[in-house]
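Okay, structure first, notes after.
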Amino acid sequence: MSISSFSLIIANLVPLIGVLFFGWSLFQIMILYWLETAIIGFWNIIKMFKVGGIQGLSFGLFFIFHFGLFMLVHLMFIIIVFGQIGFGPLAEPLRKLSDGLLVAVLPSFLIMLASHTVSFFTNFIYKGERKQANVSLLFTAPYGRIAMMHLTIIIGGFASLILHQPIWSLVLLVTLKTLADLFVHVREHPQKTDY
């Protein structure tokens with residue numbers, strides 16, 4: 001198993017520990033996975049700048065705008081559906097976010113950031129994936145991974161919501177997301193370049 005695959009599994013175990021031992025809610029898990037999407041977008045921008053120079057800069061700026069809109073809509077969806085709060089008074093979502101949510105999610109966010117950083121340096125830099133990369137493909141690369149990850153999360157999330165978040169449904173959600181993430185990661189970094 002590669003270092004980056006191992007770090008991905010470790011990072012995905014943290015939400016499982018949160019559910020089993022610290023009573024994490026579906027909303028906390030969804031916010032964490034939203035933050036992971038931001039991490040993926042961040043490293044993709046770095047890749048575009050590294051590969052494309054000036055062209056990478058223009059693609060990167062458009063990516064920030066395009067991906068930023070996607071992230072905003074995704075966050076609104078999470079707050080309304082999984083946080084079960086509206087956008088009426090803005091104080092309510094902010095209060096709910098600050099009521100221990102960020103404190104609970106922050107350590108896991110930092111571990112996920114470390115995992116994606118390990119993958120960037122292991123695969124893109126050290127193993128030379130940057131040599132075969134081009135800016136156009138990098139621009140679209142995160143969307144396939146995120147689409148599969150989010151499909152898994154949304155199906156699992158709705159099932160958990162309908163079942164009133166029993167612990168086993170949250171464990172199933174985290175497990176399905178981990179397997180989907182690992183599948184896409186291994187496909188993106190085949191064994192011949194990711195050992």
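The values are calculated or read from the model by the stated rules, or taken from the named source; none is laboratory data. All values reported here derive from a predicted model rather than from experimental measurement. Methodologically, a virtual Cβ is constructed for each residue, glycine included, from the backbone with ideal geometry; neighbour enumeration extends over all protein chains shown. Side chains are part of the model used for accessible areas, which takes the heavy atoms of the whole protein and leaves out ligands, DNA and RNA. Shrake-Rupley method; radii C 1.70, N 1.55, O 1.52, S 1.80 Å.
Keeping to the stretch 34-63, report how many residues are in contact with a Gly (Cβ under 8 Å, 6 or more places away or on another chain) and β-branched (Val, Ile, Thr).
1
On the basis of being in contact (Cβ under 8 Å) with a residue 40 or more places away in the chain and in contact with a Lys or Arg (Cβ under 7 Å, 6 or more places away or on another chain), does residue 51 make the cut?
Values: in contact (Cβ under 8 Å) with a residue 40 or more places away in the chain: yes; in contact with a Lys or Arg (Cβ under 7 Å, 6 or more places away or on another chain): yes.
For residue 51, the condition - in contact (Cβ under 8 Å) with a residue 40 or more places away in the chain and in contact with a Lys or Arg (Cβ under 7 Å, 6 or more places away or on another chain) - is met.
Give me the pairs, please: first residue somewhere in the stretch 22-34 and open to solvent by 10 Å² or more (accessible area, probe 1.4 Å), second residue anywhere and outside any helix (DSSP H, G or I), beta-carbon distance under 7 Å, and either six or more positions apart or on two chains.
Within 7 Å, the pairs are 25/165; 27/83.
For the stretch 38-62, give me each residue that is of a type in the set (A, V, I, L, M), farther than 13 Å from residue 140 by Cα, at pLDDT 90 or above and more than 15 Å from the chain's Cα centre (by Cα).
Initial filter on the stretch 38-62 (of a type in the set (A, V, I, L, M)): 38-40, 45-46, 48, 51, 54, 57, 61.
Next, from what is left, pick out any that are farther than 13 Å from residue 140 by Cα: 38-39, 46, 51, 54, 57, 61.
Checking the rest, the ones that are also at pLDDT 90 or above come to 38-39, 46, 51, 61.
Matches in the stretch 38-62: 46, 51, 61.
For the stretch 133-172, enumerate the residues that are free of Cβ contacts under 8 Å to residues at least 60 places away in the same chain and on the phi > 0 side of the Ramachandran plot.
Matches in the stretch 133-172: 164 only.
Restricted to the stretch 6-21, and to residues that are within 19 Å of the chain's Cα centre (by Cα) and open to solvent by 10 Å² or more (accessible area, probe 1.4 Å), which residue is farthest from residue 189 (Cα to Cα)?
Let us first name the residues in the stretch 6-21 that are within 19 Å of the chain's Cα centre (by Cα), namely 6-19.
Filter once more, so that each one left must be open to solvent by 10 Å² or more (accessible area, probe 1.4 Å): 6-7, 9-10, 13-14, 16-17.
Values: 6: 13, 7: 14, 9: 15, 10: 18, 13: 21, 14: 23, 16: 25, 17: 27 Å.
Taking the candidates together, the pick is 17.
Out of the residues in the stretch 111-164 meeting the condition of being open to solvent by less than 60 Å² (accessible area, probe 1.4 Å) and among the basic types (Lys, Arg), tell me which one is farthest from the chain's Cα centre (by Cα).
The qualifying residue farthest from the chain's Cα centre (by Cα) is 127.
What pairs can you find where one residue is in the stretch 1-16 and under 14 Å from residue 172 (Cα atoms), the other is outside any helix (DSSP H, G or I) and open to solvent by less than 40 Å² (accessible area, probe 1.4 Å), and their Cβ atoms are less than 8 Å apart, with a gap of 6+ or different chains?
Matching pairs, first to second residue: 15/24.
Could we say that residue 124 is out of contact with any strand residue (DSSP E or B) (no Cβ under 8 Å at 6 or more places or on another chain), among the aromatic types (Phe, Trp, Tyr), within 25 Å of residue 14 (Cβ to Cβ) and at pLDDT 85 or above here? Before you say what the answer is, go through the steps one by one.
On the way: out of contact with any strand residue (DSSP E or B) (no Cβ under 8 Å at 6 or more places or on another chain): yes; among the aromatic types (Phe, Trp, Tyr): yes; within 25 Å of residue 14 (Cβ to Cβ): yes; at pLDDT 85 or above: yes.
Yes; evaluated as a whole, the condition is true for this residue.
Could you tell me which of the residues 30, 71, 48 is part of a helix (DSSP H, G or I) and more than 20 Å from residue 180 (Cβ to Cβ)? Quick ask: steps written out before the conclusion?
On the way: 30 fails: more than 20 Å from residue 180 (Cβ to Cβ); 71 fails: more than 20 Å from residue 180 (Cβ to Cβ).
Within the list 30, 71, 48, the selection yields 48.
Just checking, does the stretch 163-175 include any residue being under 15 Å from residue 7 (Cα atoms) and not basic (Lys, Arg)? If you could, list the steps in order and put the result at the bottom.
Of the residues in the stretch 163-175, the ones under 15 Å from residue 7 (Cα atoms) are none.
Looking for residues that are under 15 Å from residue 7 (Cα atoms) and not basic (Lys, Arg), one finds none in the stretch 163-175, hence no.
Condition first: at pLDDT 80 or above and open to solvent by 40 Å² or more (accessible area, probe 1.4 Å). Can you find one or more residues in the stretch 82-91 that meet it? Break it down into steps so the answer makes sense when it comes.
First, the residues of the stretch 82-91 that are at pLDDT 80 or above: none.
No, the stretch 82-91 contains no residue that is at pLDDT 80 or above and open to solvent by 40 Å² or more (accessible area, probe 1.4 Å).
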